[in-house]
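Let me begin by presenting the structure, written as structure tokens, before commenting on it.
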Amino acid sequence: VAGNVVAGKPARRRGRWAVSGACALGLVLGASAALLLRSAPRATHARAIRFTIPPPENGSFFNQLESTGMALSPDGSQLAYIAVDSKGGRRVWLRALSGYEARPLAGTEGASSVFWSFDGSSIGFFGEGKLKRLDLSGGAPFSICEAGGGGGKAGTWGRGGDILFASVQGDAIYRVPAFGGTPVVVLKPDSSAGETRVVWPWFLPDGERFLFYARIEGGGKVMLAEPGKSPRLVLSVASMVQYTDPGYLVFVKEGSLLAQRFDARNGKLSGVPFSIADHVRYFMSTASGSFATSRGGTLAFQPQDDVHRLVWFDRAGRELGTIGVPAKHHDVRISRDRRPILFDRAVSDLGTFDVWSYDVERNVETRVTSSPDSEFSPIWLPGGKRVLFSAVRGSNPRLVRRDLATGREEALLPEGGFQVVGDVSPDGRTLVYFERTGKGSFEMWEFPLESGGVPHRLVEGTFLGGFVGAVARFSPDGRFLAFISGESGQPEAYVMPFPGPGEKTRVSTQGASAIRWSPDGRELLYLARDLRLMSVPVRTSPSLQLGAPRPLFQIKGRSAWLGFELSADGTRLLAIEPESVADERPLSVVVSWPADAPK
């Protein structure tokens, strides 16, 4: 591997490229964009035009931190994006930039990642564990190959008709013919160079060579793969990259969207990076940036981040107060024995998470972790001197134990798939956690914390869990486990005996996203799909008995809480409430952005 090529520090622009969504102005911009797209033979000869594209009415864009939620056609005239409609259905939508409306594409239901063919006549997407193809000239989508239960992270379609995509775990990049076939491994991480994952492939114009991102501990690097040669370093940056004419690489650094001159023939950078957008949604741990480019010089990106509040509510839904400052959160935990509250909080411009604690009595918060990468989903371990959380250390997130007195960390389990905490039993002896398989689905496991035994699988891969949805909670007496599973086709709440044997019993009736026990074990609370907080009477002795669900209150706003906890006395709820949801905000689009590039 060649020596590092370090990108220069970006020069930030203070103004953001966003335009009011007023109807009259939108029509003017749409018409201007249409004229430009028809008349400009080369993007660099045109004047840059900027406008916005909203999500579907009463819907939202769909973006995951490990896949591509939007893609521009090669000529920059059309934007394909994944969105959730007002009824909760997810599919690919197509918007001509010279028009005013987007349309959903039939047959793309459940899509998680999208990309274009080299000539712009077809789109590829991942859905239902398969890589699929849809020819825009007509006809239904057809399956190209199996891609695992979670699909691939991202795809790229070459001039010669082959498709490259990365596995869901990032352990390989595959090649498959666009007309169908069996995927073949073309590249794996180079462990001798410290690489742990390879993702985000991107074909160069010749359709043979491609760029890809290699993850290393503490960062990452962009590499160039050429037939018959070992991959070589192009750029040291923790970001996916895309190439666009007349010769630029576009990538993210510290939340800014940057471009740098790149000669596609010799694979070399020149000049220094420059800013093309002051801020773009970015997650350094997966090198994901919410942007899309075209060969014709069009750019689309999401300039907003998610913002949440940690809010106290009473059982009638009245707001009582907040914890900390508005920021992006993923999880919050209230211990059974009145120890400080644990939560995670994202770092501005990087998107990575740190673990924090909050002392309710003293109204003081303390930072628990501060590594360059992500730590999230914390929970107290028995004794109150150690915490357990998921940590990214150059590989897939794994469970790490941290001693609060010494700061020493150790991995709890062998490295494997994506690992995230479920819950610790009331007696402190058993951990329940989730781990992603190579097919993309999650399985629920138990692990004896004290005996040093081996993990035991509780339930096979029917979970929609992972970074945002792994939910499991022990009953206060430790005899039952409540969890969310997708085995019925949508997330629902269930209860099963622990450690078993015994059948699981469905708790929710029309979808659920989180479930919690009351401190006395006589009630289960869950978030319903229609944004109501539901209460279910429960008896666990001598056997499990569930009453009929009844609503406590309606959650305000369009988006569900990310999660919630009950106070030790059961009279209050601490919720992660969305204040601003990026996927509900418009995308920014710039036509002929290279016209503003430094000369």
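A few remarks follow.
- Using θ = phi - 60° and Karplus 6.51 cos²θ - 1.76 cosθ + 1.60, couplings along segment 430-439 (whole Hz; Gly, Pro as x): 10, 9, 10, 9, 10, 9, 7, 8, x, 8
- With both residues required to sit in the chain, DSSP beta bridges show an antiparallel share near 100%.
- Angstrom value of the Kirkwood radius, inverse mean 1/r, which spans all Cα pairs in segment 168-288: 14.9
- For segment 456-565, the list of GluC sites (Glu not before Pro) that fall in a loop by DSSP and count at most 10 other C-beta atoms within 10 angstrom reads 503.
- Estimated inter-spin distance, residue 556 and residue 233, nm [label 7 Å along Cα→Cβ]: 5.2
- Accessible area (Å², per residue) of segment 244-395, counting only protein heavy atoms and a probe of 1.4 Å: 35
- Rg to Rh, two decimals, where segment 422-579 supplies the alpha carbon set and Rh follows Kirkwood: 0.95
- HN-Hα J in Hz across segment 516-529 - Karplus 6.51, -1.76, 1.60, θ = phi - 60°, x for Gly and Pro: 9, 8, 6, x, 8, x, 9, 8, 10, 10, 9, 8, 7, 5
- Cα gyration tensor shape for segment 236-307, rounded if a/c is under 1.5, else prolate or oblate: prolate
- Near residue 430, the amide H atoms lying under 5 Å from its own belong to 425, 449; only residues 5 or more places off or on other chains count, and H is placed 1.01 Å from N.
- Estimated from helical segments only, the mean residue ellipticity of the chain at 222 nm is -1000 deg cm²/dmol, where each DSSP H run of four or more residues counts as -39500 (n - 2.57).
- Volume in Å³ per residue [convex hull over Cα atoms, computed for segment 201-265]: 78
- Rounded, prolate or oblate (a/c below 1.5 giving rounded, otherwise prolate when a/b exceeds b/c) for segment 511-599 by Cα gyration tensor: prolate
- Judged by the gyration tensor of its Cα atoms, with axes a ≥ b ≥ c, segment 87-165 is oblate; a/c meets the 1.5 cut and b/c is at least as large as a/b.
- Using 0.36 nm per residue and subtracting the Cα-Cα separation, the extra length available between residue 454 and residue 137 on full extension is 108.7 nm.
- Long-range Cα-Cα pairs in segment 374-443 (distance over 13 Å), rounded percent: 63
- Once the convex hull of all Cα atoms in the chain is built, its volume per residue stands at 158 Å³.
- Extension reserve of the residue 567-residue 371 stretch, reckoned as 0.36 nm per residue once the Cα distance is removed: 67.6 nm
- Under the Debye formula (equal points on every Cα, no solvent term), log10 I(q)/I(0) of segment 257-396 at q = 0.08, 0.13, 0.14 Å⁻¹: -0.34, -0.72, -0.79
- Listed cross-link partners 439/556; 153/253; 130/229 are compared with a 28 Å cut-off, the Cα-Cα value being larger for 439/556; 130/229.
- Using the Cβ-Cβ distance between residue 193 and residue 410 with R0 set to 22 Å, the FRET efficiency works out to roughly 0.30.
- Semi-axis lengths, Å, segment 391-501, gyration tensor of Cα atoms, sqrt of 5 times eigenvalues: 22, 19, 12
The values are calculated or read from the model by the stated rules, or taken from the named source; none is laboratory data. This structure is a prediction, so every number in the text was calculated from the model and none was measured. Neighbour counts run over all protein chains shown; Cβ positions are idealised from the backbone, glycine included. Only protein heavy atoms, including side chains, enter the accessible area calculation; ligands, DNA and RNA are left aside. Shrake-Rupley method; radii C 1.70, N 1.55, O 1.52, S 1.80 Å.
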